[in-house]
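Bear in mind these aren't lab numbers, they're just calculated from the coordinates by the rules spelled out. Note that this is a predicted model, so its numbers are computed, not measured. Please note: Cβ atoms are built from the backbone with ideal geometry, for glycine as well, and neighbour counts cover all protein chains shown.
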Amino acid sequence: MTHGSTIALSKQALADTIDPIDVKPETHSMTINVVDPTKIAGWDEMVRSYPGSSFFHSSAWAHLLKEAYGYKPQYFSMQDRGSLGAVIPMMEIDSLLTGKRGVSLPFSDYCEPIVPDPETCRALFERIRAHGAEKKWKYIEMRGGEGYSDSAIPSSCFLKHVLELSGDEDRLLASFRKGTKSAIKKAISDGQLQMVLSESEDALREFYRLNSITRKRHGLPPQPWYYFKKLYDLLISRGHGFIVQASVENKVIASGVFLHFGHDAVYKYGASAVEYQQLRPNNLVVWEAIKWYCRRGYKTFDFGRTEPENEGLRIFKSGWNTKETKVNYFRYDMGRSAFIQNGTGINPLYTKLMHKLPVPVLELMGRVLYRHVG
């Protein structure tokens, strides 16, 4: 993502920078600093002005990753005559199990660099590479973007689906694929579903219960409750998101977690009870969130990352008249001094095993393992 303007940095922002280094492009001198956005007043206002900035660039998301998992924010920013001209967000993960590395950003679907041109992107990545060598990182992972190096090759590829919002809900509904419209109308006409939009911790706890069941169905451990508790304390309780629930006879059967930043929203997590699938609760959960954002003037609704081989999920997201684009991940191996390709999937034997494990065991695994995964 490129953008040509710059935003003035506050004195506090400059005071909180660490590890500065000067680079001298052909046109003028700039300084790259490694900063922690959670300590910089006005960070969100600075990055929000750039087209393509997302929730994952926000200080709230950095704060969550820092507090929940102990990751160290190291955002490589470039100042040009006192203004913020570019930034590549990074987190340092230091794990006894999986090693030390830099990731942009852990548990984020994608986090493109905010840069004005390819030359700046390469200069920032070179600084990241030098920093990683100094800190003895095993590798550097970039989730999205391009132009890091002439030799950069994607390590893996994903898809993103984004819906352009409008204030006309009827027109928006009419633009959806026939199957999506039918599912929404069926869920409404059946009259069995009670819909609630909530910002309460109890609603998030109910989501966590459903999420543990859903993750077991997919053969995966859930993220730990302490992560979701931090998500509530740092994001939802501060107006950065909400939960939508679908219930039948006071039993929650589907739930979604939605986050927002500026004029853009993201569908971050979803979970449901498979035995109620015929009621189409997931469709109505998403539609309720979309309507909420439409009525408040939001511009985009992001359905998040999808693995290309997950054709069912891809069809579901495409049915909302979304624009599908490719997201490349890049992995730079510090030992080889080269970009490498990397598999994206989990060993089917592991998922088969975890599918058979009871939910409490999977929750314990999530508490132990997730901070090491990143």
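Odds and ends about this structure:
- When you work out D = kT/(6 pi eta Rh) for the chain at 25 °C and 0.890 mPa s, using the Kirkwood radius from C-alpha pairs as Rh and the Stokes-Einstein form, the result is 113 µm²/s.
- Here the dipole of the chain is about 980 debye; that uses its Cα centre as origin and unit charges on the Cβ of Lys and Arg (positive) and Asp and Glu (negative).
- Spatially, the range 299-374 and the range 51-70 are offset by 19 Å when compared through their Cα centroids.
- Rg and Dmax of the range 106-258, Cα atoms only, in Å: 21.0, 61
- Sorting the segments 260-266, 172-178 by their mean number of nearby beta carbons within 10 angstrom, highest to lowest, gives 260-266, 172-178.
- The convex hull around the C-alpha trace of the range 268-374, projected and averaged over every direction, spans 10.5 square nanometres.
- Over the range 225-277, relative contact order from alpha-carbon pairs under 8 Å, at least 6 apart, %: 24 percent
- For the range 85-98, 3J(HN,Hα) per residue [Karplus equation, 6.51 cos²θ - 1.76 cosθ + 1.60, θ = phi - 60°, Hz, x = Gly/Pro]: x, 6, 7, 10, x, 9, 10, 8, 9, 10, 10, 5, 8, 10
- Protection-proxy order for peptides 290-299, 305-314, 223-232, each taking the mean of Cβ atoms within 10 Å per residue, highest first: 223-232, 290-299, 305-314
- Here the range 159-326 is treated with +1 on each Lys and Arg Cβ and -1 on each Asp and Glu Cβ, and its dipole about the Cα centre works out to around 300 debye.
- Taking the charge dipole of the chain about its Cα centre, with +1 at Lys and Arg Cβ atoms and -1 at Asp and Glu Cβ atoms, the residue from Ile340, Leu64, Leu193 reaching farthest to the positive side is Leu193.
- Rounded to whole Hz, the Karplus (6.51, -1.76, 1.60) HN-Hα couplings of the range 146-163, x for glycine and proline: 6, x, 5, 6, 5, 9, 5, 10, x, 7, 7, 9, 10, 10, 10, 10, 10, 9
- Mean separation of Cα contacts under 8 Å, 6 or more apart, over the residue count of the range 159-326: relative contact order %: 39 percent
- Compared with the dominant Cα axis of the chain, that is its longest principal axis, helix 281-295 is turned about 60°.
- Helix 201-217 and the longest principal axis of the Cα set of the chain meet at an angle near 90°.
- Ellipsoid equivalent to the range 152-236 - semi-axes via the Cα gyration tensor, in Å: 28, 23, 16
- Structural descriptor for the chain: relative contact order 21 percent, calculated from alpha carbon pairs under 8 angstrom and at least 6 residues apart.
- Convex hull of Cα atoms in the range 159-326, direction-averaged projection (nm²): 9.5 nm²
- Cα shape, the range 276-333, gyration tensor, a/c 1.5 rule: oblate
- Sorting 106-117, 35-46 by average packing, meaning the other beta carbons within 10 Å per residue, from highest down gives 106-117, 35-46.
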